[in-house]
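As structure tokens, the structure follows; a few thoughts come after it.
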Amino acid sequence: MTEPFASSPVPHFVSPASPDARSFTNAEEAVAELARLYARSVEFLCQRFDEVLTSGDTSRRFRAFYPEVSIQTAGHARVDSRLSFGFVPGPGTYATTVTRPDLFDHYLTEQLEQLLKNHGQPILVGPSRTPIPLHFALPEGTYVDGTLAEKLDKPLRDIFDVPDLAATDDRIVNGNFEPQPGEAMPLAPFTAQRVDYSLMRLAHYTATSPRHFQNFVLFTNYQFYVDEFCVMARRLMDEGGRGYDSFVEPGNILTRAGASEPESGVAPVRMPQMPAYHLTRPDGSGITMVNIGVGPSNAKTITDHVAVLRPHAWLMLGHCAGLRNTQALGDYVLAHAYVREDHVLDADLPVWVPIPPLAEVQVALEQAVADVTGLSGYDLKRIMRTGTVATIDNRNWELRDQTEPVQRLSQSRAIALDMESATIAANGYRFRVPYGTLLCVSDKPLHGELKLPGMATEFYKRQVSQHLEIGIRTMQSLADMPHEKLHSRKLRSFFETAFQ
């Protein structure tokens with residue numbers, strides 16, 4: 001598909017030579033061509049940028065383009081009806097711009113292999129008509145001396161293309177993309193500029209490079225979980241890794257399996273807004289944990305950006321208010337429905353859209369609880385309840401008249417209340433990322449049962465470790481599952497992109 005130009009057309013601009021599109025029947029060769037075209041474009045922009053800053057010459061305009069991959073089909077493919085991705089919905093031309101093939105090489109290869117298998121048509125790779133913004137062409141960690149740019153007699157946007165918000169929206173995943181006459185239908189859920197935008201945001205919010213993110217992501221709203229995750233990960237590294245090859249902390253502090261000390265990275269001067277920690281495997285099937293803090297705004301922000309990495313699953317592990325008198329502090333809540341009063345996604349996903357439970361994730365979570373606690377069957381119900389979780393955007397809802405909110409919670413059959421879970425699940429639904437929620441009851445405000453300081457300390461010591469172990473076991477179980485089974489057809493709409 002074609003994205004809008006990032007700047008108004010100018011009479012003349014300098015670009016690298018534009019080769020003709022090439023046809024491929026081998027996915028790896030197609031990805032190699034995407035990587036070659038992308039590397040050539042970013043090298044051109046980086047070299048011209050250095051020249052402009054050095055010489056001060058602003059008389060020319062420079063532009064280079066993202067590579068594009070496309071496929072054209074003349075009929076409806078007869079594919080395995082159990083598949084949720086890997087095929088286009090009907091005859092036509094489908095295309096997507098591509099960025100960072102070095103980061104997405106395995107993902108791109110897998111998606112193109114599915115297309116070749118299911119349609120039997122060659123893949124076309126060539127330059128697109130979408131310029132690469134200078135900001136996205138510079139290598140990660142690039143420092144630009146602002147005084148040099150200020151000495152130029154023109155703003156940088158008059159010399160290079162800059163990010164364009166018109167090309168970074170979510171029209172495709174939101175289902176309201178309308179192609180212009182003659183324009184290809186989308187092949188992937190995100191355009192290259194949208195991906196680049198989120199890659200930069202991830203590095204900013206988490207203080208780790210996007211290349212360290214794993215395909216299985218745990219979100220939490222408490223630092224206690226992160227502290228426990230770090231202790232466990234460092235112990236694993238010291239013991240040889242047990243299948244994990246490194247542990248990465250904010251500042252890209254990297255400790256390899258078999259080592260007790262980091263080999264690279266620098267701790268940030270101050271912690272980022274949502275620090276991320278990565279227990280990595282060579283194939284990306286490890287576990288990333290992000291402390292998203294409190295509130296639906298953070299939950300939406302981080303999932304908006306993690307989604308472009310196309311993870312295989314994300315889970316929410318956190319604390320909640322238990323709403324039933326029969327619940328005890330420390331009990332677990334396995335969400336199978338959500339009341340969405342977070343409001344941050346109302347413009348993207350109407351509240352009347354149901355967020356269904358995903359059987360594969362639900363089963364993996366329940367089995368992990370049983371394995372870790374040693375309980376099963378009817379006994380498991382003593383410490384875990386399955387039901388509706390309500391997510392709100394007002395942490396101090398108790399300070400208002402409670403009559404109406406309590407009535408709504410009762411009518412919805414809610415058993416727990418928090419500020420993040422429904423947002424994370426809803427964005428998983430929106431972005432076609434399998435999702436789940438396992439919460440731990442930390443207080444019961446409707447019943448006046450709150451933790452005193454000493455009780456809180458003991459509660460966290462006892463419960464956080466077990467809760468985290470359940471989350472990790474769940475992710476390991478999901479990682480062992482074939483991707484085509486994990487990615488549920490429930491998340492696919494009438495007209496879907498072929499890429500997962």
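Quick rundown of the values:
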| item | result |
| --- | --- |
| Number of the condition not met by Tyr143 [criteria: (1) closer than 29 Å to Thr54 by Cβ; (2) part of a loop (DSSP other than H, G, I, E, B); (3) in contact (Cβ under 8 Å) with a residue 24 or more places away in the chain] | (3) |
| Region 47-68: number of residues that are open to solvent by 30 Å² or more (accessible area, probe 1.4 Å), outside any strand (DSSP E or B) and either among the acidic types (Asp, Glu) or closer than 15 Å to Asp196 by Cβ (or both) | 3 |
| Check on Val333, of a type outside the set (Gly, Ala, Ser) and open to solvent by less than 10 Å² (accessible area, probe 1.4 Å) | yes |
| Single match in Leu152, Leu148, Leu202 (criterion: assigned to a helix (DSSP H, G or I) and either open to solvent by less than 30 Å² (accessible area, probe 1.4 Å) or among the acidic types (Asp, Glu) (or both)) | Leu202 |
| Members of region 169-191 that are over 14 Å from Thr96 (Cβ atoms), open to solvent by less than 70 Å² (accessible area, probe 1.4 Å) and polar (S, T, N, Q) | Asn174 |
| Qualifying residue in region 448-468 (condition: modelled with pLDDT of 95 or more, surrounded by 15 or more Cβ atoms within 10 Å (Cβ to Cβ) and among the aliphatic types (A, V, I, L, M)) | yes |
| Tally of residues being touching a strand residue (DSSP E or B) at 6+ places or on another chain (Cβ under 7 Å), of a type outside the set (D, E, K, R) and open to solvent by 60 Å² or more (accessible area, probe 1.4 Å) across region 220-258 | 2 |
| Sole exception among (1) modelled with pLDDT of 95 or more; (2) buried (at least 22 other Cβ atoms within 10 Å of the Cβ); (3) over 16 Å from the mean Cα position of the chain (by Cα) for Leu323, by number | (1) |
| Members of region 200-219 that are farther than 24 Å from Asn176 by Cβ and either out of contact with any strand residue (DSSP E or B) (no Cβ under 9 Å at 6 or more places or on another chain) or polar (S, T, N, Q) (or both) | Met200, Ala203, His204, Thr206, Thr208, Ser209, Pro210, Arg211, Gln214, Asn215 |
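Condition check ((1) modelled with pLDDT of 95 or more; (2) not hydroxyl-bearing (Ser, Thr, Tyr)) across all residues:
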{"position": "Pro91", "(1), (2)": "no, yes"}
{"position": "His106", "(1), (2)": "yes, yes"}
{"position": "Gln111", "(1), (2)": "yes, yes"}
{"position": "Ser128", "(1), (2)": "yes, no"}
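The values are calculated or read from the model by the stated rules, or taken from the named source; none is laboratory data. Quick caveat: nothing in here was measured; it's all calculated off a predicted structure. Quick reminder, even Gly has a Cβ in these numbers, built from the backbone with ideal geometry, and neighbours come from all protein chains shown. Just the protein is used for accessible areas: all its heavy atoms, side chains included, with ligands, DNA and RNA removed. Shrake-Rupley method; radii C 1.70, N 1.55, O 1.52, S 1.80 Å.
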